[in-house]
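Following: one structure in C-alpha cells, then a few remarks.
Nothing in this text is a laboratory measurement; each read-out follows from the coordinates by a stated rule. For clarity, every value in this text was computed on a predicted model and none was experimentally measured. Positions of Cβ are generated from backbone atoms using ideal geometry, with glycine treated the same way; all protein chains shown enter the neighbour counts.
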Amino acid sequence: MSSTTTEPTSSTLNPSHDEQIALELESAQRELSWLVKNLPNTIESFRAGLLECLQLISPTEAGSTLALSSPRSEILKGTITRVGTRIEKSNITLKLPSSSTPYKLTLLPPTPDSPHTHPFVLSQLTDVQNHLTACLSLLPPPPTTNPESQAPLQPWSDPIQTHETLLLLKSNLESAHANLVGGRGPGRGFPYEAVDARVFTPPLPENIVLDAWINQAAITVDIRNIERLPHSAVSAQFPPSMPERTDTPPTGPETRFGFGGRLAAVLSGATGINVTGGGARRGSTSDGGEGAVKFRNERVRVKERVCVDSQDPCLMAVMAKLMALGHNVGLMIRALEVVEGAVGLV
C-alpha cells in the first residue's frame, strides 16, 4: 500500500510579501495580547512599591531623628525629628560669631487642643505624597476587590489607554523623584518664604531666619542672620531705573510654601533681583554674600549664614525605590510602543 507525502509548496517556503506582512502582524498582535494579559501581575508589584514609599514617609510614633552639625565648627549642633511631612522636634544650638549668646532652637510642642499649630512643614514631602497618591489612583482596584472578573480591569485591557495611563504614571514618578532630589524653584526659599518664627519656643528673634528643604534625600537647614536696612541703603541697592522685588512671603500656617506665593514670585519676574554672591554652600558657613532683598515688606541684608545637611535614611530608600519604579514603567512603555507600532496602533 503506497503512502502519499505532501510536499511543501513554494508559497509555504517562500511566502509572498503580503503573506509575510500578515504573519508579522499576527505575531505582533499575539505579543500585544501577551503584554496586556500579564500587566495585572506587574501592576500589583508596582502597587506594592508605591505603598512602601508612602509608608516610609508617613508619620510614625518615633519619627526619624537626624543629627545636624556644621563642619569644623561649633556654630550649629543638634538634632531634628521628622514625623511624616513635618519637623515636630528640634534641639539645636546656634552660636553665631557675631553674637556672644547662643540661640536655642526648640520647637513648640503640640498641645491636645491644637496639635498642629504653626506647623513646620516640608512642602516637598507633601508634593511627593500627592504624586504617589495620584499614581495609586491611576491603578485598577486590586484583584481581590473584583474576584468574579478574570480579565484585566479598564483601562488596562485596552492597549492605547494602557499606554496613556503608563505615561501619566511615569510623569508622576518623575515629579516625586524630582522633589526628593531637591533644588529651589522660583518663588521658593528665602526671601520668598521662611519657617514661621512662632513654631519655636521661645520664638526666633527677628534677625534670625530659618528655612528647610529636601536636597538629595537629605534635610537641609539654612539659617540666616539678617539686618534691616535704612531707606538710604535701600536706594543705593535699588536705583530708580531698577524695578524692585515686591513679593511678600506667606506667614500663616496654612499658606507656608503655598502655591499662591510661588506663583506671585514667578509672575513678578526675575529682573530687578539684586542678589550678589553665591552665599553658603551646603554644610558650610559664610558671611552672607547676598545683596539687599525685600523680605516680609522690609529691605534686609544677610550678615551671616549657616547651611547644614542631614541625610534621612527613609528618604534615601524612597528615592531609590522611585528610580526603580520609574525605570520599570519606562520599560513597559517602550515595549508597548514597539508592538503598538507593529500592529499599526501608533
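Annotations for the structure displayed:
- Among residues other than residue 45 with Cβ under 13 Å from its Cβ, the summed charge is 0 (Lys and Arg +1, Asp and Glu -1).
- Taken about its Cα centre, the range 165-213 carries a charge dipole of about 180 debye when Lys and Arg each add +1 at the Cβ and Asp and Glu each add -1 at the Cβ.
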